[in-house]
Amino acid sequence: MDGLASQEQLDEFAAATGDEASRIFAELMIEHHRGGVHMAEYAVDRADNSAVRSFAQSMIRGQSAEITELQTVVDELSKG
């Protein structure tokens, strides 16, 4: 499923420290949020219930904003 970290990725994160751990966390969360956006887009396109479509649209906006913030974190940590 999109957005789920592999055991290898989780092991890498567990072994990391400091800025490297922060960068890995942010990168994993970006992928996790992208998976959430993908699922919500599916709901927007296919749900019969207007409340579900509305909630999914809200999720897309929120997750997309968080992706942008997390990418800023990754970019800053990558400069270091």
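The values are calculated or read from the model by the stated rules, or taken from the named source; none is laboratory data. In this text the structure is predicted, and so the values were computed from the model without any measurement. Neighbour counts run over all protein chains shown; Cβ positions are idealised from the backbone, glycine included. When the accessible area is computed, the model is the full protein with side chains, heavy atoms only, and any ligands, DNA or RNA have been set aside. Shrake-Rupley method; radii C 1.70, N 1.55, O 1.52, S 1.80 Å.
Quick notes
- Fraction of accessible area attributable to carbon and sulfur, the chain (%, probe 1.4 Å): 53
- Equivalent-ellipsoid semi-axes of the chain, from the Cα gyration tensor, Å, largest first: 29, 14, 7
- Here the Karplus curve 6.51 cos²θ - 1.76 cosθ + 1.60, taken at θ = phi - 60°, turns the phi angles of segment 28-36 into couplings of 5, 5, 4, 5, 4, 5, 4, x, x Hz, with x standing for Gly and Pro.
- Each Lys and Arg Cβ is given +1 and each Asp and Glu Cβ -1; about its Cα centre, the chain then shows a dipole of about 400 debye.
- Peptides ranked, highest mean first, by Cβ atoms within 10 Å: ranges 62-68, 41-47: 62-68, 41-47
- Take the chain with all the other protein chains still there, run a 1.4 Å probe, and you get 70 Å² of accessible area per residue.
- Backbone geometry of segment 48-55 corresponds, through the Karplus equation with coefficients 6.51, -1.76 and 1.60 at θ = phi - 60°, to 3J(HN,Hα) couplings of 8, 8, 5, 5, 5, 4, 5, 4 Hz, x marking Gly and Pro.
- Potential extension, Ser50-Ala14 segment - 0.36 nm per residue separation minus Cα distance: 8.9 nm
- Sequence-ordered 3J(HN,Hα) estimates for segment 63-80 from the Karplus curve with 6.51, -1.76 and 1.60 and θ = phi - 60° stand at 5, 5, 5, 5, 4, 4, 5, 5, 5, 4, 4, 4, 4, 5, 5, 6, 5, x Hz, glycine and proline given as x.
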